[in-house]
């Protein structure tokens, strides 16, 4: 009985105190309500959390690491990209030193190699800001080895099944100067000493396994050359790296002097005309290009096959293999319709047509090789970083292209 | 009386259960008795400096991550709930985030135009440069005043003199008047011949190494800025805020190291509603990374003040170039239009692409008001607080925008000292045009009744914000439902349809109605007012005002535009 009374007493006491207990927890004002919430939070404070990805990106941005690593104005950097058409992905160390000789000169060099065993070493000393930025001068040296260049024979009727390879190595030493009277006009001239060598026998499917020397002028003997060049370049593209309007009109004349035999001396003229027709407030662009390359050997001389114009590959006739067509003259016509999908991505549908010919007068619009395709370009309004394209409709089947930089 | 007789034929165990249940029921009843209105409602000041935030640590953000997170992950809570930090009058209390200025009292045009600035623009010729500006895309550097205070200078882009600096000071003045914390900012001219470099000044070279700053570094910086005809460079001079920088605040969640930060940012009224101001001013760069948290106060009593920061990308300015046409019209990455454009090979043309911009002055950039649609306006990428904006949040913002008269807008624009003919007029005219569109879109989205008063003798008066702003025609009719309100239980009783009362011409003091005498003895009275307007059917949703007896007077303690207890008729 006494036990039950005690239990009842405790129970009733709890019951009576419960509201008081609850009231003690309940704030009497709005300010107290908020204060309680804050005190509650104060008991479980923690530092702001960032995941690894955010931390990494933050570090990359704050240290300008991408810029410093991939494209610095100074110092060591990885040279990434393609050495030349068909080289495949290449990488190697690069180095820049800006502001030499009182801030007038910049030195740069790189050595890069690809998985296809292409390699190149390049060094140049540039004076790009002379005469209040109107004059630029440079000297350069280059050594490269392209061991697996494609060759299908000369002329427009070469056979896809005749594909062979050859190696082209070269040493280039020279200099050039550019005058820029205005922002859109460049007048350049240069001279280079070239020491090409051809390896046409090293591989089972090498050039001489299928073609005889008469079908590939210069395959047996490679003289040294002195190359003189002059160029007029009217560049009115806006913006330059990913044009939406304007045009570019360039003519280059080159004189190749065979310094050993004169047998391979020739002249070469390249004409490159680009026009960009803006549509829908520059959000669509019709990009047109006509390019012609013409060579003219000295009397009694021939143009070596490795310096003859070519067509085929990701930059010109995209539905064909690299250097699929080769002859003394070449004509290329390209049209692209580009449209902005969103800020960093453009779409493009394109049509390429072209031909090679042994005679200049045969550079007409008959019997053109052609292809068409669709692609995407990734970058900014000022430049294309990467393009991915599919080219179809050629006699050589479909080609998938992934390449750094713009097509034109 | 014995317990046995009180609960006959029950065991001790059973009796204990009964008592326990009774206690629990009592406790629950007591909890549910939390009043709807506390004595200090409506709260005018939220004391979010109460607890020491001295342990908060700086946090730095990544632009790329911020973009990706908000574009692909949709962070924050997106429940369609009422803003969590509004007081019982549906207003924002003063806090470390927001100080009611133009919304609470009249501000003179001079006050509005002066903005956060404590003085006129100082001369900076002899102020030494101490370091290069460390973040952002705009070129600039930092100088120290003779008093030892740090300032940051930012240059205008070469192709658009006066553009970014004008945007900075105009944006700061508007955001300040609205109520946000902003740093002081001035337009100054830099004379290259009078630049002084502190011997200890540093910069970071392209290899990431800190080194002594040279005159050549300054010349390279200046070369990225707009040179004036007199050879000087115009720049924005921003005074560093008081305290220690802690990085930025996000537009979602709370700072986990700040005990005072208890309201999820995506549900804060002043952040959700800031979408209205961002749309008005085309502040497309309104994102967390353009905010600033500063730790202020003496040791042991420190708190974090939250700033809106960097207005270089508002109106027609994109900081380093004119605003791109997409800005304000579409996110950087917005799947719908992108897929349409992709699928149609570009035959689908986004409407904003075809917008014409006034090209009479480089300093304006791209700024227009004809195509502008405040409801469709977008920042650079999704902002969780903006996405949570309710009609009530938008109304709150629009009311503040309505406070800026044409004269005030022109005075703020004049502060930018545009030198090109027509530039100031174009900016002001466009702001006025956009303001009117903002008001038409958002001041009319809810039943726009405000400033309700109940006189001692029970006469109700209120104002119609949309009619007062000249956006809506006078109202045809108001309908009232009066009731007694039990503050302890939240129950309403004695509801009385007071009948329809014809609206007045909408001028102050607005409409009036008399409360039923039989309710006037209650400690709390509620009236739900529905507005019948042919142009705005949504106004028939009631606004419920609650009044509390305070001595002989009635005090307005509640305003609810989301009251579901009143059936719409």
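The values are calculated or read from the model by the stated rules, or taken from the named source; none is laboratory data. Bear in mind that the values here come from a model prediction, so they are computed numbers and not experimental data. With ideal geometry, Cβ positions are generated from the backbone for all residues, glycine too; neighbour counts draw on all protein chains shown.
Which of the strands (runs of 3 or more DSSP E) contained wholly in the stretch A:353-408 include at least 2 residues that are crowded, with 20+ Cβ neighbours inside 10 Å and not assigned by TED's automatic domain parsing to the domain that holds residue A:289?
Numbers: elements: A:369-380, A:383-392, A:399-404.
By residue number, no strands (runs of 3 or more DSSP E) qualify.
Run residue B:347 past the list (1) within 12 Å of chain A (Cβ to nearest Cβ); (2) in contact with a helix residue (DSSP H, G or I) (Cβ under 9 Å, 6 or more places away or on another chain); (3) in contact (Cβ under 8 Å) with a residue 60 or more places away in the chain and report the number of the one that doesn't hold.
For residue B:347, the exception is condition (3).
Counting only residues that are at the interface with chain B (Cβ under 8 Å from one of its Cβ atoms) and out of contact with any strand residue (DSSP E or B) (no Cβ under 7 Å at 6 or more places or on another chain), give me the helices (runs of 4 or more DSSP H) lying completely in the stretch A:47-122 with at least 3 of them.
The helices (runs of 4 or more DSSP H) meeting that bar are A:52-62, A:65-70.
Quick test of your reading of the structure: residue B:261 fulfils all but one of (1) more than 11 Å from every other protein chain (Cβ to nearest Cβ); (2) out of contact with any strand residue (DSSP E or B) (no Cβ under 6 Å at 6 or more places or on another chain); (3) on the phi < 0 side of the Ramachandran plot. Name the failing condition by number.
(1)
Here is a list: B:248, B:252, B:180. Which entry is within 12 Å of another protein chain (Cβ to nearest Cβ) and under 22 Å from residue B:92 (Cβ atoms)? Don't jump to the end; show me each part of the working.
Details: B:252 fails: within 12 Å of another protein chain (Cβ to nearest Cβ); B:180 fails: within 12 Å of another protein chain (Cβ to nearest Cβ).
Answer to the check: B:248.
Counting just the residues of the stretch B:315-337 that are part of a loop (DSSP other than H, G, I, E, B), more than 9 Å from every other protein chain (Cβ to nearest Cβ) and more than 24 Å from the chain's Cα centre (by Cα), which one comes out surrounded by the fewest Cβ atoms within 10 Å (Cβ to Cβ)?
Looking at residues that are part of a loop (DSSP other than H, G, I, E, B), more than 9 Å from every other protein chain (Cβ to nearest Cβ) and more than 24 Å from the chain's Cα centre (by Cα), I get B:321.
Say whether the condition of being assigned to a helix (DSSP H, G or I) and closer than 20 Å to residue B:140 by Cβ is met by at least one residue in the stretch B:223-239.
First pass over the stretch B:223-239, keeping only residues assigned to a helix (DSSP H, G or I): B:223.
Subsequent filtering for residues that are closer than 20 Å to residue B:140 by Cβ retains B:223.
Taking every residue of the stretch B:223-239 in turn, at least one turns out to be assigned to a helix (DSSP H, G or I) and closer than 20 Å to residue B:140 by Cβ.
Kindly list the number of the only condition in (1) in contact with a strand residue (DSSP E or B) (Cβ under 7 Å, 6 or more places away or on another chain); (2) within 12 Å of another protein chain (Cβ to nearest Cβ); (3) under 30 Å from residue A:33 (Cα atoms) that fails for residue B:75.
Against the list (1) in contact with a strand residue (DSSP E or B) (Cβ under 7 Å, 6 or more places away or on another chain); (2) within 12 Å of another protein chain (Cβ to nearest Cβ); (3) under 30 Å from residue A:33 (Cα atoms), residue B:75 comes up short only on (1).
Kindly evaluate residue B:112 against the criterion of being assigned to a helix (DSSP H, G or I) and within 23 Å of the chain's Cα centre (by Cα).
Values: assigned to a helix (DSSP H, G or I): yes; within 23 Å of the chain's Cα centre (by Cα): yes.
Against the criterion (assigned to a helix (DSSP H, G or I) and within 23 Å of the chain's Cα centre (by Cα)), residue B:112 qualifies.
Considering only residues that are out of contact with any helix residue (DSSP H, G or I) (no Cβ under 6 Å at 6 or more places or on another chain), buried (at least 17 other Cβ atoms within 10 Å of the Cβ) and in a helix (DSSP H, G or I), which ones fall in the stretch B:49-70?
Scanning the stretch B:49-70 gives B:67, B:69, B:70.
Which residues, taken from the stretch A:194-233, are exposed (fewer than 15 other Cβ atoms within 10 Å of the Cβ) and outside any loop (DSSP other than H, G, I, E, B)?
A:197, A:209, A:213, A:214, A:230, A:232
Can you tell me how many residues within the stretch B:297-314 are more than 19 Å from residue B:431 (Cβ to Cβ) and either within 11 Å of chain A (Cβ to nearest Cβ) or not in a loop (DSSP other than H, G, I, E, B) (or both)?
The number of residues fulfilling the criteria is 5.
Against the conditions (1) surrounded by fewer than 21 Cβ atoms within 10 Å (Cβ to Cβ); (2) assigned to a loop (DSSP other than H, G, I, E, B), where does residue B:353 fall short? Just the number, please.
(2)
Is there a residue in the stretch A:18-36 that is in contact with a helix residue (DSSP H, G or I) (Cβ under 6 Å, 6 or more places away or on another chain), farther than 30 Å from residue B:261 by Cα and either surrounded by 15 or more Cβ atoms within 10 Å (Cβ to Cβ) or modelled with pLDDT of 80 or more (or both)? Explain how you work it out, then say what you get.
First, pick out the residues of the stretch A:18-36 that are in contact with a helix residue (DSSP H, G or I) (Cβ under 6 Å, 6 or more places away or on another chain): A:18-19, A:22, A:27.
Those still in the list that are farther than 30 Å from residue B:261 by Cα too: A:18-19.
Cutting the leftovers down to either surrounded by 15 or more Cβ atoms within 10 Å (Cβ to Cβ) or modelled with pLDDT of 80 or more (or both) gives us A:18-19.
Yes, the conditions are met somewhere in the stretch A:18-36.
Just checking, how many residues over the stretch A:234-261 are surrounded by 15 or more Cβ atoms within 10 Å (Cβ to Cβ), over 24 Å from residue A:335 (Cα atoms) and modelled with pLDDT under 95?
Going through the stretch A:234-261 one residue at a time, the tally reaches 0.
Every residue in the stretch B:91-138 that is within 14 Å of chain A (Cβ to nearest Cβ) and either within 30 Å of residue B:160 (Cα to Cα) or in contact (Cβ under 8 Å) with a residue 60 or more places away in the chain (or both), please.
Pass one, the stretch B:91-138, residues within 14 Å of chain A (Cβ to nearest Cβ): B:91-97, B:132-137.
B:91, B:92, B:96, B:97, B:132, B:133, B:134, B:135, B:136, B:137 - these are the residues of the stretch B:91-138 that are within 14 Å of chain A (Cβ to nearest Cβ) and either within 30 Å of residue B:160 (Cα to Cα) or in contact (Cβ under 8 Å) with a residue 60 or more places away in the chain (or both).
Got a number for residues in the stretch A:146-193 being in a strand (DSSP E or B) and either more than 14 Å from residue A:323 (Cβ to Cβ) or under 25 Å from the mean Cα position of the chain (by Cα) (or both)?
Our first condition is that a residue be in a strand (DSSP E or B); within the stretch A:146-193, this holds for A:146-151, A:164-182, A:185-193.
Filter again for either more than 14 Å from residue A:323 (Cβ to Cβ) or under 25 Å from the mean Cα position of the chain (by Cα) (or both), leaving A:146-151, A:165-182, A:185-193.
Residues in the stretch A:146-193 being in a strand (DSSP E or B) and either more than 14 Å from residue A:323 (Cβ to Cβ) or under 25 Å from the mean Cα position of the chain (by Cα) (or both): 33 in total.
Condition check: surrounded by 17 or more Cβ atoms within 10 Å (Cβ to Cβ) and more than 29 Å from residue A:356 (Cβ to Cβ). Does residue A:94 satisfy that?
On the way: surrounded by 17 or more Cβ atoms within 10 Å (Cβ to Cβ): yes; more than 29 Å from residue A:356 (Cβ to Cβ): yes.
Against the criterion (surrounded by 17 or more Cβ atoms within 10 Å (Cβ to Cβ) and more than 29 Å from residue A:356 (Cβ to Cβ)), residue A:94 qualifies.
Please specify each residue of the stretch B:456-467 satisfying the condition of being in contact (Cβ under 8 Å) with a residue 60 or more places away in the chain and surrounded by 14 or more Cβ atoms within 10 Å (Cβ to Cβ).
Answer for the stretch B:456-467, where residues must be in contact (Cβ under 8 Å) with a residue 60 or more places away in the chain and surrounded by 14 or more Cβ atoms within 10 Å (Cβ to Cβ): B:458, B:460, B:462, B:464, B:465, B:466.
Considering only the stretch B:547-565, state which residues are modelled with pLDDT of 90 or more and touching a helix residue (DSSP H, G or I) at 6+ places or on another chain (Cβ under 8 Å).
Correct list: B:561 only.
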